[in-house]
Structures are given as C-alpha cells and as structure tokens.
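A short write-up of the structure that comes next.
The values are calculated or read from the model by the stated rules, or taken from the named source; none is laboratory data. Keep in mind it's a predicted model, so treat the numbers as computed, not measured. Glycine also receives a Cβ, built like all others from the backbone with ideal geometry; neighbour counts cover every protein chain displayed.
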Amino acid sequence: MPSFDIVSKVEMNEVDNAVNQTVKEISQRYDFKGSKCEVALENTAIRVLADDDFRLKAILDILQSKFIKRGLSLKALQYGKAESASGGMVRQNITIQQGISKEKGKDINNFIKEFKLKVQSQIQDDQVRVTGKNIDDLQETIRLLKTKEMGIEMQFVNFRP
C-alpha cells in the first residue's frame with residue numbers, strides 16, 4: 001500500500017555550524033567589543049546570554065540570519081521567555097524542535113480528514129504516516145499540507161508507491 005511519512009527534523013550539525021558562526025561574528029563585531037555575550041548549543045537548545053535587551057535582540061538577529069544562510073527553518077526555533085540573569089545580564093533559551101508533537105499530529109490528521117481524500121493518517125511517535133490506495137491522493141495530500149501553515153517545518157519522506 002503506498003505511503004509516506006511527515007516528519008519535522010533539523011540537521012543538528014547545521015545548527016552547530018550556525019551557532020559557531022554566530023559566536024564568531026559576535027567576537028568580530030565592533031558593537032560587541034568588551035561585552036560578555038555568549039551563545040552556546042546544549043543538546044537541543046541554544047542558550048543566549050547578553051548584556052542587555054538591545055544586545056540580546058542583535059544576537060537573535062545574527063543567529064536567525066545564520067540559520068537562513070544554512071537553509072534551516074526558523075520554524076524549528078521555539079523561543080523561551082527572556083529573563084534577567086546575574087550581573088544585570090539577560091538570558092534566553094531557544095529550544096530546537098525535533099519531531100512532531102501529539103497536538104500537531106492531531107492537527108495534521110484533522111486537516112487531512114477535512115479534504116475527504118481516500119487516505120488514512122496515523123501518528124507514530126514523532127511522525128505522521130499517511131497511507132492510501134491511490135498515489136495521486138497521496139501527492140494531493142502533500143500539496144495541500146505544503147499550502148497550510150502548521151507552525152512547524154514539515155518534510156515528506158519515505159514515499160513508497
């Protein structure tokens with residue numbers, strides 16, 4: 001039976017490269033001379049530490065531009081609340097989303113069912129599998145999902161005719 005999987009994956013080596021490029025640019029920029037700003041990748045989270053809100057925003061802009069240059073989606077970044085840290089610094093944690101949550105999986109399932117195509121979708125761990133007898137229905141499902149804004153970056157993999 002033809003099928004494909006909907007996943008949300010981020011290349012962590014590319015994330016690491018983007019963070020390293022951000023750190024390098026911060027160390028070279030004139031407006032960051034003498035500041036104690038830090039950007040660090042810890043597993044699936046990025047920790048940003050800045051002197052003030054202005055510098056925090058500047059660091060986030062640099063980080064986002066590095067993500068875009070590396071072909072990474074900004075939808076994979078989930079920003080935590082900016083909070084004050086010791087020494088008058090400002091800290092923000094950014095979580096990198098890997099996989100599709102159960103809630104998003106249910107949203108995707110409901111969206112697919114709205115169009116009454118002859119396909120079935122089911123949540124499997126952190127991905128959604130879509131199966132159907134007709135390949136054209138599966139391709140139409142992919143097309144419809146690409147037009148819908150779900151708030152996450154989706155990839156369509158393992159297409160088996």
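Before moving on, here are some points about what is shown:
- Candidates ILE100, ILE152, filtered to the one that is in a loop (DSSP other than H, G, I, E, B), modelled with pLDDT under 90 and in contact with a Ser or Thr (Cβ under 7 Å, 6 or more places away or on another chain): ILE152
- When GLU42 is tested against (1) without any contact (Cβ under 8 Å) to a residue 60 or more places away in the chain; (2) touching an Asp or Glu at 6+ places or on another chain (Cβ under 9 Å); (3) not assigned by TED's automatic domain parsing to the domain that holds PHE156, exactly one condition is not met: (2).
- Residue count for the range 6-51 satisfying the condition of being of a type in the set (D, E, K, R), closer than 30 Å to LYS146 by Cβ and buried (at least 16 other Cβ atoms within 10 Å of the Cβ): 1.
- The set of residues in the range 110-121 that are outside any helix (DSSP H, G or I) and either under 20 Å from the mean Cα position of the chain (by Cα) or of a type in the set (A, V, I, L, M) (or both) comprises LEU117, VAL119.
- Which numbered condition LYS133 fails, given (1) over 22 Å from LEU77 (Cβ atoms); (2) in contact with a helix residue (DSSP H, G or I) (Cβ under 7 Å, 6 or more places away or on another chain); (3) basic (Lys, Arg): (2)
- Residues of the range 58-95 that are surrounded by 17 or more Cβ atoms within 10 Å (Cβ to Cβ) and of a type in the set (Val, Ile, Thr): ILE59, ILE62, VAL90, ILE94.
- Flag if THR131 is surrounded by 14 or more Cβ atoms within 10 Å (Cβ to Cβ) and under 18 Å from ASP5 (Cβ atoms): yes
- The condition of being closer than 26 Å to PHE32 by Cα, in contact with a strand residue (DSSP E or B) (Cβ under 9 Å, 6 or more places away or on another chain) and part of a loop (DSSP other than H, G, I, E, B) does not hold for LYS57.
- The residue list ASP107, ASP31 contains one member that is assigned to a helix (DSSP H, G or I), in contact (Cβ under 8 Å) with a residue 24 or more places away in the chain, farther than 30 Å from GLN155 by Cβ and among the acidic types (Asp, Glu), which is ASP31.
- Single residue of GLN78, GLN122, GLN98, GLN127 found to be farther than 24 Å from ASN158 by Cβ and of a type outside the set (Val, Ile, Thr): GLN78
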